[in-house]
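Take a look at the structure below.
The values are calculated or read from the model by the stated rules, or taken from the named source; none is laboratory data. In this text the structure is predicted, and so the values were computed from the model without any measurement. Here the Cβ positions follow ideal geometry from the backbone for every residue, glycine too, while neighbour counts run over all protein chains shown.
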Number of protein chains: 4
Amino acid sequence: MAKPLNIGMIGYGFMGRAHSNAYCTVGNFFELEYQPVLKAVCARDEGRAKAFADNWGYESVETDWRTLIERDDIDAIDICTPNNLHKEIAVAAAAAGKMILCEKPLSMNADEGEEMCRAVESAGVANMVWYNYRRVPAVTLAKNLIDEGRLGKIFHYRAVFLQDWTISTDLAQGGEGLWRLDVDAAGSGVTGDLLAHCIDTALWLNGGISQVSAMTETFIKERMHNLTGKVEKVGIDDACAFLARFGNGSLATFESTRYARGHKALYTFEINGENASISWDLHDLHRLQYFDHGDDSIVRGWRSVHVTDGDMPYMDKWWVPGLQIGYEHSFVHQVADFIEGITKGEPARPTFRDALETQKVCDAVLDSARTGQWTDTGAAI
Amino acid sequence: MAKPLNIGMIGYGFMGRAHSNAYCTVGNFFELEYQPVLKAVCARDEGRAKAFADNWGYESVETDWRTLIERDDIDAIDICTPNNLHKEIAVAAAAAGKMILCEKPLSMNADEGEEMCRAVESAGVANMVWYNYRRVPAVTLAKNLIDEGRLGKIFHYRAVFLQDWTISTDLAQGGEGLWRLDVDAAGSGVTGDLLAHCIDTALWLNGGISQVSAMTETFIKERMHNLTGKVEKVGIDDACAFLARFGNGSLATFESTRYARGHKALYTFEINGENASISWDLHDLHRLQYFDHGDDSIVRGWRSVHVTDGDMPYMDKWWVPGLQIGYEHSFVHQVADFIEGITKGEPARPTFRDALETQKVCDAVLDSARTGQWTDTGAAI
Amino acid sequence: MAKPLNIGMIGYGFMGRAHSNAYCTVGNFFELEYQPVLKAVCARDEGRAKAFADNWGYESVETDWRTLIERDDIDAIDICTPNNLHKEIAVAAAAAGKMILCEKPLSMNADEGEEMCRAVESAGVANMVWYNYRRVPAVTLAKNLIDEGRLGKIFHYRAVFLQDWTISTDLAQGGEGLWRLDVDAAGSGVTGDLLAHCIDTALWLNGGISQVSAMTETFIKERMHNLTGKVEKVGIDDACAFLARFGNGSLATFESTRYARGHKALYTFEINGENASISWDLHDLHRLQYFDHGDDSIVRGWRSVHVTDGDMPYMDKWWVPGLQIGYEHSFVHQVADFIEGITKGEPARPTFRDALETQKVCDAVLDSARTGQWTDTGAAI
Amino acid sequence: MAKPLNIGMIGYGFMGRAHSNAYCTVGNFFELEYQPVLKAVCARDEGRAKAFADNWGYESVETDWRTLIERDDIDAIDICTPNNLHKEIAVAAAAAGKMILCEKPLSMNADEGEEMCRAVESAGVANMVWYNYRRVPAVTLAKNLIDEGRLGKIFHYRAVFLQDWTISTDLAQGGEGLWRLDVDAAGSGVTGDLLAHCIDTALWLNGGISQVSAMTETFIKERMHNLTGKVEKVGIDDACAFLARFGNGSLATFESTRYARGHKALYTFEINGENASISWDLHDLHRLQYFDHGDDSIVRGWRSVHVTDGDMPYMDKWWVPGLQIGYEHSFVHQVADFIEGITKGEPARPTFRDALETQKVCDAVLDSARTGQWTDTGAAI
């Protein structure tokens, strides 16, 4: 019989739902030593918090995250707030001895992230950042193929994360559902929101990034601000692209925007090695494209691998070959791995420390865009 | 606060899991008047039934389905057994006044199906058959587009359901996990298993089928039988293809096999109308292909619609544009619609009576394959 | 220095252009013992014949094909007329000792075809039918892969040829550019025009077809006839689908129509073998899809082979990897192979005799559609 | 009757073949006032020049390009030599009053290019550079759609040109077939060879580029040199990526490499506008992807436009809908347009002056890669 893992969730937005669903579902598909228990959800607006709790079965509600953190019946704090609150909550939660599952990006910048790392490390609490795409089975498979050495020496990495949801000038910034456009709450625009995903995957698959040259753009300079009620300058980057050099000698291009008409969440990456290449696309997340130069030349081509068989990562838990899973399952997998980590005493990745590397690259990207100079990331390579 | 809808599930296989997951999940995403409660699961093997109950949170276990049906605390019986038990259970459950959710195909043949229809209709109980693909959002969208009249007069329908999992001669027939290869348990092979899905969708999208000409083949004539321990004649159809004429004057081809190397569950359909065409593929179930002849000729082409936006069927309940859902969600949608049906006093489709039409086509297909003659389906057109 | 091969072309339509281009081009890319020389073009309308001759560089013009056939300076007659003239011309040309390159389908029916075969065989003249798709490099590659045994035992074959150009009721039948809708000129509709291509490829790749069950439909029953100036009954089949059994035990579906909105010339075939499968699509004719079950299971998927490398059929003659050729090149390849055949004294395929097999299947298909019975093709299996 | 346009071709390599084919073919498909006549081919190696002349039907052979230029019977010089000879030949040919068709890139650098522009402009001779991809029908269609204003304000441009043919360390540099790896002959690596194509298309579709930040890499530092017989330092860039800002405010990423395993000639571009987006891929050059935000939201998706209909650019000259043309046809179109230009007295684009803009961007890219600084192109925006 699984032991309880008592969850205290802070925030109730899109990510609050994705995580709650993962906690509810994981035990039905994975055999684990711990079963997440939805102990409490915390939000400033009590009515909304109660509605969320009712919907998902949280046992209680808090309106002050400090109170939540102090509760003895909570094992783990799940931080789903806007980015500007991550650090304060995480540092306090660590001090209270709680495990922490923090939404990405880790922090507003690397300095904050460093402080958070020190907090969890000195407290010795389990910690993890929700870079969920690592646990899309096709992405995990990509990692396995690289680790098996199938690609050989890597020459190129390229990633984009393209959306089109902020093209309208009528869209406001700030507040419920729109804090990602408010630089005070988000820290940056697409860099912290979307490129952070691309960078996390890249560091995981291809190692450290040493240098970047970046440009950013804010296409719509002013928007109504929902918190002030006034038209205000937009502080975030609407688009960002950068060149990078990895420690392994490979070259990369990264690009993200919310102005790419026709793309809702087109996160793609491709990696070209001496012997093989792989690519992936979030819009068809259950497929991995694989090219193996070792194939007979007359039948050599990109293979479209439908990642649904039982011998593919995580897929023995779900249905049968040919039947795809979706976006939400990546969170289920991450909860499963977090619990496995607790059980085995090994950290589930990415830890805060892992995620700090992504933060350093984000900082370097934003610096480079400001200065127009190639910028060292200071990251481990 | 939602009222309980007490479920008694019979069977614990692949479909038992898919349905249980739907019951557990639906309330978190849909606002409904009833909340499914996993009251009991029933299977002959008590140990397995208990394990299944533990995993999914069923409150109790039964080993005799007659006992389950008699329990006062059960509102609805979910039949997930092999096909040869559907009729007897359904007739008894109807007599006991239970709602019934029956796995597809409805029955071993149209005669059994007719008896089941009479039973539920005279008992006046809610009834539904799990032809889940109707509730894949892209398929529901296809139905909506047709109902809006976007396609105009229909000329052609074509569907295939291709798999490759029984090519090996080492595969046995009969028993746990393999009853679909045993004619006594399944009634037929790909016809009842896979073509039944294709036919259900087709009847829903394009109306009744009047006539068919079919061929079947059993490539591997003998297999070890797990129930008898002997090599026995294989009684099912490994492959089946048929030509059809619809009541609306359109022509169709249907094909299914478990010997199409490279295809795991390639269910595709395409429908060509005077003004527009649509096609869909289960391997990428979150996309609908749409061709509109009304587009400017120089930019006319098949549109790949990523069915993930909030204005697409069911998608307001899930995530955000670009983030796909998977196979299992079709069952969640079906439970939601079943409960809506109870609430509104309108049957959720397909009812037993709807599913009987599919059964009639299946019977005609198998007859035609036996006789080599074009065969009337006797179905409503 | 190449020797001349003097061509006398009869007809100047779409196929006249495709063949003329092939004769003009072949010597620039293939090293051959003979160089086609455009000696004469023949058509009833002298003005048009002259214009065509001027455009392509034909040295002379004839208005009576009998005169052309009698000319001593003509080595080979190329028959590009409507189908109803093939037999008479071919029999006469054979009697005159000319080589014959005949457009497909060979004839109006198998009886005519048989007479044509006897004529060329008794005259001992080189003969070939322009089933050009055999020489699309991806299709030739498919043939090679099958001949190498990569697919193993074949279970399934499926082909469609879908167009949408005759949906409008305003389209007339008969005469210039529209003779394919006139049953007197064409013999049949999609069966002889499009399915003949599908059948030719199928017989080549998968051997003989023993039996068929077919249906045909004429959606628009009457059309203005350009030759009579009256609205007349349409005698051709607008659509045709059939089931088939091959001599090797595999099952097949074939379908063709000119009412599949969204498809211009979607000729696709797929063949499923025990060990591998292949598929091809005329709309992307430079690609072959290949699935090899022998691949490691975690990286197994359909390979999209870009058939442009120098080690692929015919491709050493053209450009460099990645740069595609198109439709017209299949005719160039066929001319090259015809000339190679003359040089080596081996017939270039398909000969009249090969094409007669396709004619037999077409006849059986049309018979089956009329009688509603499974029909033996009488073809070699 | 068409008047002769006497061609003198210098060089006989891959491009020599592509151009010769275009000259031979154009008159059969386009009605033009001039018919190219293959008057002479020039190459240092007389034997090879003769073989080439025999194959293509050139009337004569020269071994010194200066002699060719002086011939009175030559109207137009076609420069297909390695890049390092373009300037000297072009300047001399202009002085001799010849029209000039020059292979891309225009020159080794912008200074040379400027000199060439002045030479042709002061001589008043027709001049054009073979950036053939502008005349792939799908690309021309993209241009037309943009010019019609369908995209609205442009936010993003991205292009890659990926190959994998130089990954092997065994490949030599220099000499026949390999001069593109020799910096003395080519001037640069992928920048002048592949990115020049990308830049030409981009400037044409999206206007001037103002600034770039670039990086280059030479993965294999030394290779055997075929001209010296020694292992020598490789002077070209194997890979190059750059960020760019266009004059219209849009952002861009460009990347090219010969180390992207799995890609033979993957030239793709995508352009995202406020109202619509388009993308194209050389590997399927007969298709254009188009997304129109104005479509009804429930059927909105990327349209795959099969650019083969008669109302699409150049396609009325070729076959029928659905039948694709290939790479070589872009050269035929360019010859046709060059001749139209002569007839109308309007320059066919890109002229030397147009191509100089591409040269300036290439120079800025290479400078930026050397200095690590954002670099102004000095180009017209």
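Of all residues in the range A:12-22, which are modelled with pLDDT under 95 and buried (at least 22 other Cβ atoms within 10 Å of the Cβ)? Listed by number, the list holds a single entry, A:Y12. Checking the structure you have, find out if any residue of the range B:118-130 is buried (at least 23 other Cβ atoms within 10 Å of the Cβ), in contact with an Asp or Glu (Cβ under 6 Å, 6 or more places away or on another chain) and not charged (D, E, K, R). Checking the range B:118-130: at least one residue is buried (at least 23 other Cβ atoms within 10 Å of the Cβ), in contact with an Asp or Glu (Cβ under 6 Å, 6 or more places away or on another chain) and not charged (D, E, K, R).
Do we have D:G207 as in contact (Cβ under 8 Å) with a residue 60 or more places away in the chain, on the phi > 0 side of the Ramachandran plot and of a type in the set (G, A, S) here?
yes
Among all positions in the range B:91-110, there is no residue which is at pLDDT 95 or above, assigned to a helix (DSSP H, G or I), in contact with a His (Cβ under 9 Å, 6 or more places away or on another chain) and crowded, with 22+ Cβ neighbours inside 10 Å.
Selection of first residues in the range C:164-192 that are over 19 Å from C:C362 (Cβ atoms) and touching a residue at least 24 places away in the same chain (Cβ under 8 Å) and of second residues that are assigned to a helix (DSSP H, G or I) and hydrophobic (A, V, I, L, M, F, W, C), restricted to Cβ pairs under 6 Å at least 6 apart or on distinct chains, gives the following pairs, ordered by first then second residue: C:Q173/C:L181.
Residue by residue, here is whether (1) assigned to a strand (DSSP E or B); (2) surrounded by fewer than 20 Cβ atoms within 10 Å (Cβ to Cβ) holds:
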{"site": "B:C24", "(1), (2)": "no, yes"}
{"site": "B:E31", "(1), (2)": "no, yes"}
{"site": "B:V41", "(1), (2)": "yes, no"}
{"site": "B:R44", "(1), (2)": "no, yes"}
{"site": "B:G47", "(1), (2)": "no, yes"}
{"site": "B:K50", "(1), (2)": "no, yes"}
{"site": "B:N55", "(1), (2)": "no, yes"}
{"site": "B:L68", "(1), (2)": "no, no"}
{"site": "B:D72", "(1), (2)": "no, yes"}
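Checked against (1) surrounded by 22 or more Cβ atoms within 10 Å (Cβ to Cβ); (2) more than 12 Å from chain D (Cβ to nearest Cβ); (3) touching a residue at least 40 places away in the same chain (Cβ under 8 Å), C:V307 passes all but a single condition, namely (2). For the range D:361-375, taking the residues that are closer than 8 Å to D:A214 by Cβ and of a type in the set (V, I, T), the one that is surrounded by the most Cβ atoms within 10 Å (Cβ to Cβ) is identified as D:V365.
Within the range C:317-340, not a single residue is small (G, A, S), more than 10 Å from every other protein chain (Cβ to nearest Cβ), surrounded by fewer than 20 Cβ atoms within 10 Å (Cβ to Cβ) and farther than 26 Å from C:V365 by Cβ. Looking for something assigned to a strand (DSSP E or B), assigned by TED's automatic domain parsing to the domain that holds C:R258 and surrounded by fewer than 24 Cβ atoms within 10 Å (Cβ to Cβ) - is there at least one such residue anywhere in the range C:131-154? Within the range C:131-154, one or more residues are assigned to a strand (DSSP E or B), assigned by TED's automatic domain parsing to the domain that holds C:R258 and surrounded by fewer than 24 Cβ atoms within 10 Å (Cβ to Cβ).
Here the range B:74-90 is the region considered, the condition is being more than 17 Å from B:G124 (Cα to Cα) and aliphatic (A, V, I, L, M), and the residue that is surrounded by the fewest Cβ atoms within 10 Å (Cβ to Cβ) is B:L85. Restricted to the range A:208-229, and to residues there that are in contact with a strand residue (DSSP E or B) (Cβ under 6 Å, 6 or more places away or on another chain) and away from chain D (no Cβ under 14 Å), the residue that is surrounded by the most Cβ atoms within 10 Å (Cβ to Cβ) is A:R223. Candidates are the residues of the range B:155-188 that are of a type in the set (A, V, I, L, M) and facing another protein chain (nearest Cβ under 10 Å); the one that is farthest from B:A265 (Cα to Cα) is B:I167.
In the range B:344-360, is there at least one residue being over 30 Å from D:N144 (Cα atoms), surrounded by 21 or more Cβ atoms within 10 Å (Cβ to Cβ) and either outside the structural domain of B:A186 (by TED's automatic domain parsing) or of a type in the set (F, W, Y) (or both)? Yes, the conditions are met somewhere in the range B:344-360. Of all the numbered requirements in (1) within 14 Å of chain B (Cβ to nearest Cβ); (2) surrounded by fewer than 22 Cβ atoms within 10 Å (Cβ to Cβ); (3) more than 23 Å from B:H306 (Cα to Cα), A:M312 misses one, and that requirement is (2). Inspection of the range B:259-282 identifies at least one residue that is within 14 Å of chain A (Cβ to nearest Cβ) and within 27 Å of D:H293 (Cβ to Cβ).
In this entry, A:L38 is excluded by the filter for residues that are within 30 Å of A:H286 (Cβ to Cβ), away from chain B (no Cβ under 14 Å), in contact with a helix residue (DSSP H, G or I) (Cβ under 9 Å, 6 or more places away or on another chain) and modelled with pLDDT of 95 or more. Any residue at all in the range C:258-271 that's at positive phi and either under 24 Å from the mean Cα position of the chain (by Cα) or surrounded by 18 or more Cβ atoms within 10 Å (Cβ to Cβ) (or both)? The answer is yes; a qualifying residue exists. Only residues that are of a type in the set (S, T, Y) and under 30 Å from C:R287 (Cα atoms) were counted in the range C:103-153, giving 3. For the range C:243-257, the set of residues classified as crowded, with 23+ Cβ neighbours inside 10 Å and assigned to a loop (DSSP other than H, G, I, E, B) consists of C:S250 only.
Determine whether A:S250 is among the polar types (S, T, N, Q), within 21 Å of A:T371 (Cα to Cα) and in contact with a helix residue (DSSP H, G or I) (Cβ under 9 Å, 6 or more places away or on another chain). So A:S250 does not fit the description; no. Out of A:S277, A:S297, A:S330, which single residue is among the polar types (S, T, N, Q), modelled with pLDDT of 95 or more, under 30 Å from A:L251 (Cβ atoms) and touching a helix residue (DSSP H, G or I) at 6+ places or on another chain (Cβ under 6 Å)? Among A:S277, A:S297, A:S330, only A:S330 is among the polar types (S, T, N, Q), modelled with pLDDT of 95 or more, under 30 Å from A:L251 (Cβ atoms) and touching a helix residue (DSSP H, G or I) at 6+ places or on another chain (Cβ under 6 Å). Within the range D:244-258, being of a type in the set (A, V, I, L, M) and either within 14 Å of chain C (Cβ to nearest Cβ) or closer than 21 Å to A:T166 by Cα (or both) holds for D:L251, D:A252.
Within the range D:310-350, the set of residues being of a type in the set (K, R) and in contact (Cβ under 8 Å) with a residue 40 or more places away in the chain comprises D:K317, D:R349. Which members of the range D:286-304 meet the condition of being free of Cβ contacts under 8 Å to residues at least 40 places away in the same chain, away from chain C (no Cβ under 11 Å) and of a type outside the set (K, R)? Answer for the range D:286-304, where residues must be free of Cβ contacts under 8 Å to residues at least 40 places away in the same chain, away from chain C (no Cβ under 11 Å) and of a type outside the set (K, R): D:Q289, D:F291, D:H293, D:G294, D:D295, D:D296, D:S297, D:I298, D:V299, D:G301, D:W302.
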